[in-house]
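Since the structure comes first, as structure tokens, the remarks are kept for the end.
Each value in this text was obtained by applying a stated rule to the coordinates, not by laboratory testing. Just so you know, these numbers come straight off a predicted model, no measurement behind them. Reconstructed Cβ throughout: ideal geometry from the backbone, glycine too, with neighbour counts over all protein chains shown.
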Amino acid sequence: MKILNYEIISTIFIWILGTVLHFTYELSNNNIFVGFFSAVNESTWEHLKLIFFPMLISTIIGFFYFKNEYKNYLCTKTLGLLLAIFITISVFYTYTGIIGTNFTIIDISLFFFSTLAGQIYSYKKLKSNIKCNNLISIFILILIFICFIIFTTNPPNINLFLDPVTNTFGI
């Protein structure tokens, strides 16, 4: 029951912080440090920060509370985070590819749905006895973290990083 309560509170935290991070770069007068952790433009990549960083914070906090109780905690939370990112990218590009445009209400709903799906997935996997290597999870999380930092100012010229509003990449 303790873990379920944490997961519910954590999901709400992720939703609130993810929503706030959509606006923090602009509110900080385009502070580059703030931009490393929040969306600096309207690209899909930048919106993935709204998922990654709140879920990462939740994972780190939960790890210190539950690491002894759930040996697979870090691995399952990493898988849930990756699932949320995968759902976001695949559903966004599928629906915009079919319709030809995006709709803000669908994008916002997708954020809530994908993070909820990642949280539910990781919670269910916590209850299983899957074995995993925490070092691999740490490596994956650090790698994604570094990619967000680097690609904020030096994004590749592919559509994932393209701001559809300004037709530019990065800051």
Notebook entry, point to check: How far is the Cα center of the stretch 21-49 from the Cα center of the stretch 146-171, in Å?
Noted result: 11
Notebook entry, point to check: Pulled fully out, how much extra length does the chain show between Tyr95 and Ile120, if you take 0.36 nm times their separation in residues and subtract their Cα-Cα distance?
Noted result: 6.7 nm
Notebook entry, point to check: How far is it, in nm, from the label point at Asn5 to the one at Asn102 when both lie 7 Å from their Cα along the line to the Cβ?
Noted result: 3.8
Margin query: Using a 4.7 Å cut-off between beta carbons, which cysteines in the chain end up with no partner cysteine at all?
Written below: Cys147
Next item on the list: Across the chain, how many lysine pairs, 8 or more positions apart or on different chains, have C-alpha atoms separated by under 18 Å? Please give the number.
Entry: 20
Notebook entry, point to check: Ranked by Cβ crowding within 10 angstrom, fewest neighbours first, how are Phe148, Phe111 ordered?
Noted result: Phe148, Phe111
Next item on the list: Could you pull out the trypsin sites (Lys or Arg not before Pro) across the stretch 97-129 that fall in loop regions by DSSP (anything but H, G, I, E, B) with no more than 16 other Cβ atoms inside 10 Å?
Entry: Lys127
Margin query: Under a crude label model (7 Å from the Cα following the beta-carbon direction), how far is Thr24 from Asn167 in nanometres?
Written below: 3.2
Notebook entry, point to check: How large is the dipole of the stretch 35-108 about the Cα centre if only Lys and Arg carry +1 and Asp and Glu carry -1, each at its Cβ, rounded to the nearest 20 debye?
Noted result: 320
Notebook entry, point to check: What list do you get for Met55, Met1 if you sort them by fewest beta carbons within 10 Å?
Noted result: Met1, Met55
Margin query: About the Cα centre, and with charges only on the beta carbon of Lys, Arg (+1) and Asp, Glu (-1), how big is the dipole of the stretch 2-169? Nearest 20 debye, please.
Written below: 880
Note to self: Which one, Gly18, Leu4, Ile130, is farthest towards the positive end of the dipole of the chain when Lys and Arg carry +1 and Asp and Glu -1 on their Cβ?
What the structure shows: Ile130
Item checked: Among 27-35, 85-93, the order from most to least packed when residues are scored by Cβ within 10 Å on average -> 85-93, 27-35
Notebook entry, point to check: Hey, in the GNM for the chain with a 10 angstrom Cα cutoff, which one of Ile142, Ile98, Ile130 fluctuates hardest?
Noted result: Ile98
